[in-house]
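Scroll down for the structure; my scribbles are underneath it.
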Amino acid sequence: MELGLFIVLALVAMASAIAVIIQRNPVYSALYLILTFLSLAGLYLQLQAQFIAAIQVIVYAGAIMVLFLFVIMLLDLRKEEQRAVKGGYQLLIGLLLAAILLGELGLVFGGGVLKGVPGEFSPEKVSALGNTQVVGRLLFTDFLLPFELTSVILLVAIVGAIVLAKRRLD
Amino acid sequence: MFEFIIIMLVKIAVVFGALLLTVAYLTWLERKVIGDIQVRLGPMRVGYHGLLQPIADGLKLLFKEDIIPAEADRTVYLLAPLVAIIPALISFAVIPFGSQVKILGRTIDLYITDVNIGILFIFAVASLGVYGIVLAGWSSNNKYSLLGAMRSSAQMISYELSMGLSIVGVLMMAQSLSLVQIVKAQSVVWFILLQPVGFLIYLICAVAETNRAPFDLPEAETELVAGFHVEYSSMKFALFFLAEYANIVTVSALATTLFLGGWQGPLLPPVAWFLLKVFAFIFLFVWLRATLPRFRYDQLMGFGWKVLLPVSLANILVTGLIMAWR
Amino acid sequence: MVPLSAYLILSAFLFATGVVGVATRRNVLIIFMSIELMLNAVNLAFVAFSRFLHSMDGQIIVLFVMTVAAAEVAVGLAIIIALFRNKETVDVAEINLMKW
């Protein structure tokens, strides 16, 4: 059951990820990217990260990708759609990079580096306390400084986006 | 295990059936209430006081010609109505509509499921609803559709923000994201009394999120002919229609759960209280449509960002300060 | 029980797909989407490690990654709109004014 669900979600994620980069029409790319995000949210649920799964759907699928679609529709992209995916040396470089990455991972598996000391939050403990409660408590204790810093990043992003996208500054 | 699955399926079937029936008769209710407000009779011909009107409408839509525009993007065009309706129906999975009942010696909880991120689940699903509108507008290849879609995506993202913030006060007081727990936390006093500002913001945002008057700019029949679903006909149009009404039921049920104590109330059985409160909200929606004129687009965006957002942030701050004080 | 390595392989595959997308596509919007794909691949690895090493830190980091990604998208799309307004293109090969 669990394994079957993983296989289905993983296959959907992989297939739609490939579709994102080979589709000519950016709207289709965006739709396939949404599908990837949704299947990742399903995987997060399987990993007992319910809060992250919900935030994944709300932030990525619900906000970021709507923004993408908005911009794609706002720009008149008919000209670009006609162009084919560029092959040649760029494709070669891309595939080479991908192969190196996958190879590295294989080496890591072979070397057995993936051994860590188990932390204090075992799945049983987290589900007893509640996933959201644990995340919230850590966010406002151990990770308070980065949490506050992200608010600064968001403020900078708001100001930057408005300054860049506004037609003229009065 | 087997018993559990059977109970689950029955629950889903009952809730789903009741929801679809409510949605169908909402169209009748709306026409009747608006007719009454405008001193007309509303539908009277089909059945007693037009009671069979929804069925007649449904049959009519079913037999209409199904047109796909020649320049439309076929796949997305067919996908859009489904993307619109599914999120509208799924949200009901976590809304509790009663306490427990005993049937055939078994205690049955009157909700489909109680997840510990219930409210986040509803917001996640609701945030997907906007795609139905955006994709319908884009794939129709019609400038009115696209304009409607652009308006709606901007509007829904803007108001979703304030909507999310307006309920944070409730979540802080209930100390849970589970809707069942939130209802239980209101056994003494309803959150509408403790969070009046949050309730008001939620109500305004709910109207905007469901694209209803006075925030029905995405459709705006007088300027955009009908916005994102101009090109849709037959069953596909009916699906958009159903999605809009199902969304109204969902936000009403959510408002009931978050602010009006859910199914709790004296004398009457819990389910009756729940339905009573939900229908009070639905009536309010219809009333608003009959009363208020449409906003202008810049007014809508200005109101969302410059009034609702700061007020909802201030509401959270005040709630937090008062909770810390005690 | 799904092993950790399965999640990591999936994560690596998604990341590699993103890399290929960035290297081969010329539409700046799709390049941007490929970057989002890579960020998500990393997120998956974080959450998987968090589950298997019994630590919540991974999930917290994912939250931060998402916040930064949202900020990045807002600014990035604003840049793309400004660019399109001036050059009428989203093709990275034609945006070469600063190229020496």
Practice task
Output the qualifying pairs, or none if there are none: Cβ atoms under 6 angstrom, residues six or more apart or on different chains, first residue in the stretch C:62-87 and more than 7 Å from chain A (Cβ to nearest Cβ), second residue open to solvent by less than 20 Å² (accessible area, probe 1.4 Å).
Solution key: C:Val65/C:Asn43
Problem - Where A:Leu77 falls short, out of the listed (1) within 12 Å of chain B (Cβ to nearest Cβ); (2) modelled with pLDDT of 80 or more; (3) within 26 Å of C:Glu72 (Cα to Cα) - result: (2)
Exercise for the section: Inspect all residues belonging to the stretch B:249-259 and state whether any of them is among the small types (Gly, Ala, Ser), crowded, with 16+ Cβ neighbours inside 10 Å and not in a helix (DSSP H, G or I). Expected result: no
Handout entry: Subset of the stretch B:145-175 (residues that are among the hydroxyl-bearing types (Ser, Thr, Tyr) and either free of Cβ contacts under 8 Å to residues at least 12 places away in the same chain or touching a Ser or Thr at 6+ places or on another chain (Cβ under 9 Å) (or both))
Key = B:Ser145, B:Ser162, B:Ser166
Practice task
Go through the stretch B:56-81 residue by residue and tally those that are open to solvent by 30 Å² or more (accessible area, probe 1.4 Å) and touching a Gly at 6+ places or on another chain (Cβ under 8 Å).
Solution key: 0
Practice task
For the stretch B:129-149, indicate whether the set of residues that are closer than 30 Å to B:Ile7 by Cα and not in a loop (DSSP other than H, G, I, E, B) is non-empty.
Solution key: yes
Practice task
Could you run through the stretch C:12-30 and say how many residues are open to solvent by less than 10 Å² (accessible area, probe 1.4 Å) and more than 7 Å from chain A (Cβ to nearest Cβ)?
Solution key: 1
Problem - Qualifying residues in the stretch A:3-17 (those that are open to solvent by 70 Å² or more (accessible area, probe 1.4 Å) and at the interface with chain C (Cβ under 10 Å from one of its Cβ atoms)) - the one nearest to C:Val20 (Cα to Cα) - result: A:Leu11
Fill in the blank from the handout: C:Met38: passes all of (1) within 7 Å of chain A (Cβ to nearest Cβ); (2) free of Cβ contacts under 8 Å to residues at least 40 places away in the same chain; (3) of a type outside the set (Lys, Arg) but (1)
Handout entry: Matching entry among B:Gly304, B:Gly262, B:Gly320 (being on the phi > 0 side of the Ramachandran plot and in contact with a helix residue (DSSP H, G or I) (Cβ under 8 Å, 6 or more places away or on another chain))
Key = B:Gly262
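The values are calculated or read from the model by the stated rules, or taken from the named source; none is laboratory data. It should be emphasised that the depicted structure is a prediction, and the values quoted were computed from it without experimental measurement. In this analysis, Cβ positions are derived from the backbone assuming ideal geometry, glycine residues included, and neighbour counts consider all displayed protein chains. The area values use the complete protein model at the heavy-atom level, side chains included, leaving out ligands, DNA and RNA. Shrake-Rupley method; radii C 1.70, N 1.55, O 1.52, S 1.80 Å.
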